[in-house]
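These notes concern the structure reproduced below.
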């Protein structure tokens with residue numbers, strides 16, 4: 001897989017913290033020319049200071065026109081990881097139109113927007129590229145207080161299937177990775193602020209633990225690479241068996 005990524009240009013959204021940062025750094029280690037796009041200016045600047053050869057772009061992915069302009073200016077990519085996302089939690093009766101719209105704009109519409117531009121350039125340049133969308137186990141299993149989030153991730157899975165259907169004839173593969181709770185800094189903060197929440201979730205995971213960032217990273221790189229050359233339209237859980245129960 002190392003040779004596959006060397007010299008390839010790959011765009012990672014939301015790649016300056018958590019899972020996205022892990023993906024961006026591993027691609028960089030394997031020789032890719034990585035571009036990270038996010039709305040988190042401070043984190044982007046820190047990433048750039050640590051890894052000067054990684055290019056960074058700051059834009060709010062919920063802004064359709066500005067995002068489109070920014071991505072179009074970046075040129076051609078062989079790979080894309082749509083990792084950026086938000087999780088605004090609230091009980092069903094308290095889910096507001098503002099939080100629902102923001103969730104759908106970042107988690108779903110930005111994937112459509114960015115993928116349209118990147119995939120069109122792949123087609124125009126006859127590149128048989130790969131796109132990986134980061135979804136969630138929440139696309140297939142309801143989580144309390146996650147009305148907007150679950151809806152958005154289900155939409156990501158459906159969007160991915162249609163992309164796979166329409167882009168397959170051009171040799172472009174599209175898949176999702178659907179993680180369980182992953183032990184990022186945010187994951188630890190959210191799930192261990194109330195130990196009872198963590199315990200309830202762990203009881204549903206046959207392997208009896210939450211996932212680590214590298215376990216998602218390895219799965220994403222596999223799907224991006226030609227090791228997965230016959231895999232498209234798939235939703236691959238990295239969930240310790242959560243969805244098997």
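Strictly greater than 17 Å: what percent of every Cα pair in the stretch 136-204 meets that?
Here the long-distance tail beyond 17 Å is 54 percent of all Cα pairs in the stretch 136-204.
Rank the residues 92, 5, 100, 192 as a footprinting-exposure proxy: fewest other Cβ atoms within 10 Å of their Cβ go first.
Exposure proxy ranking, most exposed first: 92, 192, 100, 5.
Relative to the first principal axis of the alpha-carbon coordinates of the chain, what is the inclination of helix 147-167, with its axis defined by its Cα atoms, in degrees from 0 to 90 and to the nearest 10?
Rounded to the nearest ten degrees, it is 30.
Under the definition of Cα pairs under 8 Å and six or more residues apart, what whole-number percent is the relative contact order of the chain?
RCO, the chain: 19 percent.
List 103, 245 from most exposed to least, where exposure is judged by having the fewest other Cβ atoms within 10 Å.
245, 103
What is the extension gain from residue 158 to residue 196, computed as 0.36 nm multiplied by their sequence separation minus the C-alpha to C-alpha distance, in nm to one decimal?
10.4 nm
Considering every Cα-Cα pair within the stretch 81-169, what fraction, in whole percent, is farther apart than 19 Å?
41
Could you check which residue among 181, 76, 190 shows the biggest mean-square fluctuation in a GNM of the chain with a 10 Å Cα cutoff?
Judging by the Gaussian network model, the answer is 190.
Which order do the peptides 30-42, 232-244 take when ranked by the mean count of other beta-carbon atoms within 10 Å per residue, highest first?
30-42, 232-244
Just 224, 61, 203 to compare: in a GNM of the chain, with alpha carbon springs under 10 Å, which one fluctuates most?
With Cα springs under 10 Å in the chain, the top fluctuation among 224, 61, 203 is at 203.
Which percent of Cα pairs goes in each bin when the distances of the stretch 89-245 are cut into 5 angstrom slices starting at zero?
2, 9, 16, 19, 20, 15, 10, 6, 3, 1, 0
Each reported figure results from applying straightforward, stated rules to the coordinates on display, with no laboratory input. No experiment lies behind these values; they were computed from the predicted model shown. No Cβ is skipped: glycine too gets one built from the backbone with ideal geometry, and neighbour counts run over all protein chains shown.
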